[in-house]
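The values are calculated or read from the model by the stated rules, or taken from the named source; none is laboratory data. On a predicted model such as this, the values are computed, not experimentally measured, just so you know. So basically every Cβ, Gly included, is an ideal-geometry build from the backbone, and we count neighbours across all protein chains shown. For the accessible areas, the whole protein counts, side chains as well, though only heavy atoms, and no ligand, DNA or RNA atoms are used. Shrake-Rupley method; radii C 1.70, N 1.55, O 1.52, S 1.80 Å.
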Amino acid sequence: MAGTWVIVEQRDGNIRKVTYEMLSEAKKIGDEVSAVVFGKSVEGMASEFAKYGADKVYAVEGDVFAEYNTGAYVAQLAAMIAEYSPNAVLFAHTFNGRDFASRLAQKLEAGLATDAIAVELSAGRGVFTRAIYAGKAIAKVEVTTNPVLATIRAGVMEVAESAGAGAVVKPAIAATAGDVYQNIKSFVPTVSARPDLTEAETVVSGGRGCKGPDGIKIVETLADLLGAAVGGSRASIDSGWLGHELQVGQTGKVVCPNLYIAAGISGAIQHLAGMSSSKFIAAINTDPEAPIFNVSDFGVVADLFKVIPTLCTELKK
Amino acid sequence: MKVLVCVKQTFDTEAKIELKDGKIADAGINLIINPYDEVAVEGGIQLKEKKVVDEVVVLSAGSDKAMDAIRTALAMGADRGILIKQDTGADEYARAIALAAAIKEENPDIILAGHVAADDGSSQVPTRIAEILGLPHINVITNVEIADGKATCTCEADGGTLVAEVALPAVISSQVSWNEPRYPSMKGIMQAKKKPVTTADAVAADNKVKIIEFAMPPAKQAGVKIDDEPDVCAAKLADWMLNTVKIEVK
Ligand SMILES: Cc1cc2nc3c(=O)[nH]c(=O)nc-3n(C[C@H](O)[C@H](O)[C@H](O)COP(=O)(O)OP(=O)(O)OC[C@H]3O[C@@H](n4cnc5c(N)ncnc54)[C@H](O)[C@@H]3O)c2cc1C
Ligand SMILES: Nc1ncnc2c1ncn2[C@@H]1O[C@H](COP(=O)(O)O)[C@@H](O)[C@H]1O
């Protein structure tokens, strides 16, 4: 049996932070840690993973892997698992990672714990903690098949540097162009100078209390001062003030930044589902009874139109 | 063409969760169609209205109570339902096996589902169904165009918008922003009572994931709340951000 594998999440060489979170977590288990990276040409990234403890880096290279596609990636990873028998394989709980892990799990007729927020791996046994009912309860589950498969929520595990050998392994290529069944027509990146919502250290969100695009501008100004991502409640998304991909909550994104600032958001249960596990929470709301204050570390009962501009001035001092 | 929609019955998103004898208590909880699946049902009905398909079938696996979810979908405008009786403790693997077996018999051209269930939040079942049936799967779609035996889907991917095309039959999972589900009309509710629903037992399959325990999340400590002049609030908040959270200002 050969240790813990971490499936790297990258696009055009931009590695998602959750990859480092998973590597750091895998290192704690004590077993051999391997990063598995797919792409057209990825060997050059190996040293990046070694920095976070990867003993081995499986560089899976070829034109067919240039962009994530379920068919080729699953065929290849299944062949590698058969050849190298890892104890556990961890994926990121992202758009691609969820698809990859679920399809692979079914191909192997195996169990899979998705969106895990804590991992316990020992002697080939894998127990995972998952938030269920949108974070209103917690389930501990054991994956009873081998290898142990899981997807990991971004932002919950600490990144720690630790030197690994990063020895590059070039596995035999088992996937062919015939395995590809999705024809990717286009990928249009969201143009934003701000960090990705699920990766940001700080998130500033605006709700209906922003009253319109002008209020959202105020929220954005604060976000930019903090190098933060901007998010919103469903009310501000449905009003068209922010794009749908910025919705935080049960039917939007789940975020766990270091600091979450909710401005003009009441704190409906569906919104709390997406942000209540943030490390620090601040709320600005005119209603002292707003439920958002129940989960806030620091709440101010005040008008966001007055508080945020002054806050920006104070922070710049 | 025929579209089949997988609907899971879930707790109302407003429901308060409590544990009873180590399990999630379901007494008195209002049950609804998983919000993503409601969007998928609406998507299926709209395909029929546009004459892309001529039949909308809804499929649910669960207890007898899941009949309510099927009837709601029928009241929205779906044509008929299938209830697969299965223990609600079935995991994603066992559910996918049971649903895929029923789908295989129906042989639909398009299989719609939600991309995640609001209760267990797994995001696995549609992908697993696609693998079992050897079909393509496209996830988190916000739009779909059906033409020439192909589905062209717009998806909310990480960091951008992806447009991907697959050959039919295919499994397609919805994001909530795809559409605004209609409310069943009074007439729809009456008609739904007469629409056919067949029931069958689930194909047996063992779970691959075992629940060890359920717990409640750690209770959040009540924090500071200040109610003062805006300038005072701003100064105190800035102080907290700089000295407690230790944020860096760009
Ligand atoms: C199935 C389902 C899924 C859902 N999913 C989500 C989800 O993913 N995310 C989500 O956010 N919601 C979701 N919702 C909606 C949710 O129930 C709430 O309706 C929504 O979160 C409300 O948004 P809000 O807090 O911005 O608006 P409101 O509840 O209207 O709150 C606005 C707040 O702004 C305050 N305010 C007003 N003026 C000012 C001012 N000048 N300064 C400061 N404060 C001010 C008010 O006191 C109020 O508390 C979902 C609902 C359902 C049924
Ligand atoms: N018991 C079920 N009956 C019908 N459809 C289901 C069931 N479980 C899951 N699904 C479908 O699979 C989607 C994702 O569910 P999950 O993988 O549990 O998050 C749901 O939105 C449904 O469309």
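Per-structure values
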read-out: Helices (runs of 4 or more DSSP H) contained entirely in the stretch B:35-120, each with at least 3 residues that are within 16 Å of ligand 1 (Cβ to nearest atom); value: B:35-49, B:67-76
read-out: Filter result for the condition that a residue is surrounded by fewer than 16 Cβ atoms within 10 Å (Cβ to Cβ) and away from ligand 2 (no atom under 12 Å from the Cβ), over B:Asp54, B:Asp87, B:Asp109; value: B:Asp54
read-out: Filter result (in a strand (DSSP E or B) and over 14 Å from A:Asn258 (Cα atoms)) within the stretch A:173-204; value: A:Asn183, A:Ile184, A:Lys185, A:Ser186, A:Phe187, A:Val188, A:Pro189
read-out: Selection within the stretch A:276-305 - more than 7 Å from chain B (Cβ to nearest Cβ) and among the aromatic types (Phe, Trp, Tyr); value: A:Phe305
read-out: Members of the stretch A:70-93 found to be on the phi < 0 side of the Ramachandran plot, open to solvent by 10 Å² or more (accessible area, probe 1.4 Å) and not in a helix (DSSP H, G or I), listed by number; value: A:Asn87, A:His93
read-out: Test set (1) within 12 Å of chain B (Cβ to nearest Cβ); (2) within 20 Å of B:Pro35 (Cβ to Cβ) - A:Leu259 fails condition number; value: (2)
read-out: Segments classed as helices (runs of 4 or more DSSP H), wholly inside the stretch A:206-305, with at least 3 members that are out of contact with any Asp or Glu (no Cβ under 9 Å at 6 or more places or on another chain) and open to solvent by less than 10 Å² (accessible area, probe 1.4 Å); value: A:213-226
read-out: Options A:Val127, A:Val74: the member that is in the same structural domain as A:Val18 (by TED's automatic domain parsing), farther than 26 Å from B:Thr10 by Cβ and out of contact with any Cys (no Cβ under 9 Å at 6 or more places or on another chain); value: A:Val74
read-out: All positions within the stretch B:1-14 that are within 13 Å of chain A (Cβ to nearest Cβ) and buried (at least 21 other Cβ atoms within 10 Å of the Cβ); value: B:Thr10, B:Thr13
read-out: Residue list for the stretch A:306-317, filter: more than 7 Å from chain B (Cβ to nearest Cβ), part of a helix (DSSP H, G or I) and free of Cβ contacts under 8 Å to residues at least 40 places away in the same chain; value: A:Thr313
read-out: Unique residue being away from chain B (no Cβ under 11 Å), touching a strand residue (DSSP E or B) at 6+ places or on another chain (Cβ under 8 Å) and small (Gly, Ala, Ser) when the list is A:Ala139, A:Ala105, A:Ala167, A:Ala110; value: A:Ala167
read-out: Conditions (1) at pLDDT 95 or above; (2) in contact with a helix residue (DSSP H, G or I) (Cβ under 9 Å, 6 or more places away or on another chain); number of the one not met by A:Val148; value: (2)
read-out: Test: B:Glu131 is among the charged types (D, E, K, R), away from ligand 1 (no atom under 16 Å from the Cβ) and open to solvent by 30 Å² or more (accessible area, probe 1.4 Å); value: yes
read-out: Pair list, Cβ < 7 Å and 6+ apart or interchain, from the stretch A:59-80 residues that are among the charged types (D, E, K, R) to residues that are surrounded by fewer than 18 Cβ atoms within 10 Å (Cβ to Cβ); value: A:Glu61/A:Lys40; A:Glu61/A:Ser41; A:Glu61/A:Glu43; A:Asp63/A:Lys40; A:Glu67/A:Ile184
read-out: Neighbours by Cβ (under 6 Å, 6+ apart or cross-chain): first from the stretch A:233-244, within 12 Å of chain B (Cβ to nearest Cβ) and over 12 Å from A:Cys210 (Cα atoms); second within 16 Å of ligand 2 (Cβ to nearest atom) and modelled with pLDDT under 95; value: A:His244/B:Ser177
read-out: When residues of the stretch B:24-51 are limited to those that are touching a residue at least 40 places away in the same chain (Cβ under 8 Å), more than 14 Å from every other protein chain (Cβ to nearest Cβ) and over 12 Å from B:Met76 (Cα atoms), the one surrounded by the most Cβ atoms within 10 Å (Cβ to Cβ); value: B:Leu47
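Conditions (1) hydroxyl-bearing (Ser, Thr, Tyr); (2) open to solvent by less than 10 Å² (accessible area, probe 1.4 Å), marked per residue:
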position	(1), (2)
A:Gly111	no, yes
A:Asp115	no, no
A:Val119	no, no
A:Gly124	no, no
A:Thr129	yes, no
A:Ile138	no, no
A:Asn146	no, no
A:Thr151	yes, yes
